[in-house]
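The values are calculated or read from the model by the stated rules, or taken from the named source; none is laboratory data. Predicted, not measured: the structure shown is a model, and the values here were computed from it. Note that we place each Cβ from the backbone using ideal geometry, even for glycine, and neighbour counts take in every protein chain shown.
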Amino acid sequence: MHPGSIPGEASKNFLMGHLMVDFAYARRTMVDSQLRTFDVNDIALLDAMGTIQRERFVLPGREQLAYIDQNIAVSEGAQPRFMLAPAVQARMIQALEIEPGMAVLDVACGRGYSSAVLAEVGANVTALEADEALAEAAKHALAAQGVAGVTVKAGPLDKGWAENAPYAAILVNGSVNLRPDALLSQLADGGRLVCIEGDGRSARTMLHVRTGDAFGSRQLFDAAAPVIPAFQPKPAFVF
């Protein structure tokens, strides 16, 4: 054995961690193998996700995970925030039917990837995070990528950001187990909100559309994501 080499599985993990990844190729593969095969056909959206460097919006040291077909944590701690799997994220954004100049609220934006994609397709984005440190990380990542048209705010996710309402579209990056009433109230007439509802295998992606003071809802597709704590019912007190 060469001096200083690492045996067995440890050697494999060490080498994998230091292999160079062709991220441009990974983006093209994501678009062709994950998005197009999951009924994502909006050309502007495909171009945006083929352009934005997803690896710049993950935790440092985890760039190689950026293009896997899974939800990945983009913060640490007891209640980490997650970036949704690329295909799920793309289908959700596609359902919002973004047009240039639209005001969009991006809830639980994490490190800003979804906000960057929304901005790339022409939206004026208010990106909302509950954790101020994560909001700052999003600001830095967006600035480093030269993304314009995104304003990052820190505040309670379930309250939305009324100051910039009404919104033509709202994206919720995670699952909710409570009806997001405050967010729905911030939709413009005709506005659309997309979120994932439920846990595990029973979870599904839902589209809510506002018409006057009424809201219509329909299921889009099955998808699972971690529940955002702000949209989790508080445990009932039992005597």
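Points to keep in mind about this one:
- Positions within the stretch 94-108 being under 21 Å from ALA162 (Cα atoms) and in contact with a Leu (Cβ under 7 Å, 6 or more places away or on another chain), in sequence order: LEU96, ILE98, VAL104, LEU105, ASP106, VAL107, ALA108
- When residues in the stretch 86-142 are screened for being hydrophobic (A, V, I, L, M, F, W, C) and assigned to a helix (DSSP H, G or I), 17 of them pass.
- The set of residues from the stretch 66-82 being among the hydroxyl-bearing types (Ser, Thr, Tyr) and either outside any loop (DSSP other than H, G, I, E, B) or closer than 18 Å to ARG27 by Cβ (or both) comprises just one member, TYR67.
- Test: residue in the stretch 186-208 that is touching a helix residue (DSSP H, G or I) at 6+ places or on another chain (Cβ under 8 Å), under 15 Å from LEU96 (Cβ atoms) and not in a strand (DSSP E or B): yes
Yes/no per residue for (1) buried (at least 24 other Cβ atoms within 10 Å of the Cβ); (2) of a type in the set (Lys, Arg); (3) in contact with a helix residue (DSSP H, G or I) (Cβ under 7 Å, 6 or more places away or on another chain):
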site	(1), (2), (3)
ALA66	no, no, yes
PRO86	yes, no, yes
ALA95	no, no, no
TYR113	yes, no, yes
GLU129	yes, no, yes
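- Going through (1) touching a strand residue (DSSP E or B) at 6+ places or on another chain (Cβ under 9 Å); (2) in contact (Cβ under 8 Å) with a residue 60 or more places away in the chain one by one, GLU120 falls short only on (1).
- Any hit, the stretch 209-229, residues being within 15 Å of the chain's Cα centre (by Cα) and in a helix (DSSP H, G or I): no
- Whether a residue is more than 16 Å from ILE170 (Cβ to Cβ), at pLDDT 95 or above and surrounded by fewer than 24 Cβ atoms within 10 Å (Cβ to Cβ) was assessed, and ALA143 passes this test.
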